[in-house]
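K.L.:
I'd like to ask some things about the structure below.
The values are calculated or read from the model by the stated rules, or taken from the named source; none is laboratory data. The structure displayed is predicted, hence computed values, not measured ones. Note that each Cβ is placed from the backbone with ideal geometry, even for glycine, and that neighbours are counted across all protein chains shown. The protein model used for the area step is the full one, side chains on, heavy atoms only, and it has no ligands, DNA or RNA in it. Shrake-Rupley method; radii C 1.70, N 1.55, O 1.52, S 1.80 Å.
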Amino acid sequence: MSTVGTLVFCSDCGNLLDSIAGSDRIECEMCGAVTKDPGSKSVTTQSAPAAFPSALRLKKSAVQTIAAEDLQTEAEIKQKCPECAREKMWFYTLQLRSADEGATVFYRCECGYRFNTNN
């Protein structure tokens with residue numbers, strides 16, 4: 001019998017052995033060799049969080065801070081406003097329907113007019 005960690009192998013044929021609860025012997029199913037059960041083994045390992053430094057872990061925070069410029073999700077587009085005829089509008093897209101359908105585009109003008117289209 002040989003042991004590697006918590007695994008027990010047959011010394012004669014190398015087969016992985018199964019221990020039977022309540023029995024003090026193990027019989028190899030391949031070659032029939034009988035050995036004494038070495039008892040239950042357990043290996044427990046623990047690592048300190050600082051043992052594996054990570055750039056992501058260092059950036060992790062309970063509170064997420066967002067800069068004002070990151071909140072701006074609209075992009076500028078050269079499109080005529082149907083309400084006031086300005087040549088510039090702002091837009092953003094959202095996937096409101098299923099993934100195999102197009103996104104919804106939301107438009108906004110400086111005059112306050114808003115509309116959306118489904119692509």
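K.L.:
Using a basic spin-label model with each label point 7 Å from the Cα along Cα→Cβ, how many nm lie between GLU69 and THR93?
P.N.:
Distance between the two pseudo-spin positions: 2.4 nm.
K.L.:
Could you compute how much accessible surface LEU56 exposes when probed at 1.4 Å, giving the result in Å² to the nearest 10?
P.N.:
Here the residue's solvent-accessible area equals roughly 140 Å².
K.L.:
Leaving out ligands, DNA and RNA but keeping every protein chain, what accessible area does SER11 have, in Å² rounded to the nearest 10, with a 1.4 Å probe?
P.N.:
The value for SER11 is about 70 Å².
K.L.:
Please compute the Kirkwood hydrodynamic radius over the stretch 67-119, one decimal place, Å, based on all pairs of different Cα atoms.
P.N.:
After inverting the pairwise mean of 1/r, the radius is 12.1 Å.
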